[in-house]
Structure formats: C-alpha cells, structure tokens
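Here is the structure we will look at, set down as structure tokens.
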Amino acid sequence: MTLEFNTHGAAGARVAAELRDAILAGEYRPGTRIRQEHVAERHGASRVPAREALRLLEAEGLVTVVANTGAWVASLNLRECEEIYQVRERLEPLLLRYNVPLLDEAGIDRLEQLATEMENSSDIEAFLRLDREFHLSCYTAADTTMIGDTVLRLWNRTQPYRRAYTSVFRSEGDRSAHHEHHLLVSAIRRRDADEAEQVLALHIRRTRLELARHPEIFDPVADAH
C-alpha cells in the first residue's frame, strides 16, 4: 500500500510539473477545461496520478477543480489581477532587497545579457522565457522561508496575462520595459538596494496599469482539452 501510494505520488508530481509547464507556456489558456482522461493519456499516466496532478495545481492556484464536474485552468478577472499585481509591487522589491548583496558578478553579467537579448528579441515566447529567467534569477541568491515561494506562485498565476500584455506593448512600440531592465541591472551591480527596489516596484506597477487599460485581455475562453 505504501509503495503504491509513493508510486502514484511520484507520478502525480511528474504529471503536475509537465502540466504546469504547459499552462505557463500558453498551451492551455485561462478558462480552458482540462479533462482528467486527456491529462492521463497525454502524460502517459493512469487516472490516479492525473487526479493528483490536478489537485497539486489547484493548491498552487493554477487549476480550479469543481467536485463531480471537472477541472479548468484558473482565470483571473481584472480586479483579481490588479490585487495580485499590487501584492507583487510590495513583495518582490523586498525579496530583491534580500538578494542584491548576495548576487555574484557572474549572475549580474547574466542579467545584463538577458536584458540585451530581450531588447533584441522579436519573438513573444522567446521574450517571455528570457523575462521570466531575468526576474526569477534576481531572487535565487537569498534563502527565504516563504517569500520566494510566494513570489513564484504569484508569477505563475499571472503568466497568461503577462503574455497578453507583452503582445500589447510590442504592438504599441513601447520600449519602457527594456529601459527598466537595464536600470535594474545597473542598480544591482552598484549594490544599491534602494534604487533596485524603486525600479522594480515601478516596473510592476506600470504593467498593472497597462493591463487595466486593456480589459479585453480578461475575456473568458470556451475551448477545451
């Protein structure tokens, strides 16, 4: 019994990791129904690990499970997204402050490289991958009790809307995000935690305000998997 539980648990964690990656990559849009049998078939697992994977992702806020009905990719309305972004505006700069003294020069050089690659990228998905690596790499040096995990979950919850926002700011020719990335690297390199916090807070705030200008981003979808 214990061996069977451990086997299903390991398989459920694997399926959850793969399904999480698919959601974050935009393969499943917010509001999309996720059928348990499809998850099991796609990820080469039985229904028990598939059900466990959906339960794990529900705990992370990425999936909504309705008893005896089914599961859907979690979606946010504008008000909910604004709330999460306001939490991020306050929490992420604090996490960055913990990390600024600890990031080594090689890590900072990588941040500068990522900022330049983002500026030169013409592909939205490539930009999103680089942007995610850039920001989350700023938070890897400090060992925190809960703030790091909390920030990662908030990032994951808003990923679909960051994708939509990126399409908008690119279509409008907005270059401010690139400028802010370079300002952030400069502040980190100088170990100026105060300025780094300010730049990051404004960076997140600007995204929140731009999302509010485009409520159509939050329109529900009706497709299913």
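The values are calculated or read from the model by the stated rules, or taken from the named source; none is laboratory data. The shown structure was predicted, so the numbers you read here are calculated from the model rather than taken from an experiment. Cβ atoms come from the backbone with ideal geometry, glycine included; neighbour counts cover every protein chain shown. Accessible surface areas use protein heavy atoms only, side chains included; no ligands, DNA or RNA. Shrake-Rupley method; radii C 1.70, N 1.55, O 1.52, S 1.80 Å.
Taking Cα atoms, how many degrees apart are the long axis of helix 176-189 and the longest axis of the chain, rounded to 10 and kept between 0 and 90? Approximately 70 degrees, to the nearest 10. Helix 47-59 axis versus longest C-alpha principal axis of the chain: approximately 40°, rounded to the nearest ten. Kirkwood hydrodynamic radius, computed over distinct alpha-carbon pairs, for region 113-225: how many Å, to one decimal? Final number for the Kirkwood radius of region 113-225 is 15.4 Å. Among the protein heavy atoms of region 71-114, carbon and sulfur supply 52% of the accessible surface, probe 1.4 Å, non-protein parts ignored.
Non-local amide H neighbours of THR32 (under 5 Å, H modeled in plane, Pro and chain starts lacking H): which ones? Distant-sequence amide H within range of THR32: VAL73.
When SER46, SER137 are compared by accessible surface with a 1.4 Å probe, the order from highest to lowest is SER46, SER137. For the chain, the mean residue ellipticity at 222 nm estimated from helices alone is -23000 deg cm²/dmol, where every DSSP H run of n ≥ 4 contributes -39500 (n - 2.57) and the total is divided by all residues, rounded to the nearest 500. Of the listed values (1) 0.93; (2) 1.00; (3) 0.96, grab the one calculated as Rg/Rh (Cα atoms, Kirkwood Rh) from the structure here. Given (1) 0.93; (2) 1.00; (3) 0.96, the calculated one carries the label (2).
Measuring nothing but protein heavy atoms, the accessible surface of region 136-225 at 1.4 Å probe radius is 53 percent carbon and sulfur.
Going 7 Å from the Cα of ARG90 toward and past its Cβ, which residues in region 126-152 have a backbone nitrogen under 18 Å from where you end up? Output list for this probe position: 146-152. Relative to the longest principal axis of the Cα atoms of the chain, helix 78-99 runs at roughly 60 degrees. For region 133-205, the per residue solvent-accessible surface stands at 45 Å², with DNA, RNA and ligands left out and a 1.4 Å probe. Across region 105-114, rounded Karplus estimates of 3J(HN,Hα) from the backbone phi angles (6.51 cos²θ - 1.76 cosθ + 1.60, θ = phi - 60°) give 5, 5, x, 5, 4, 5, 4, 5, 5, 5 Hz, Gly and Pro being marked x.
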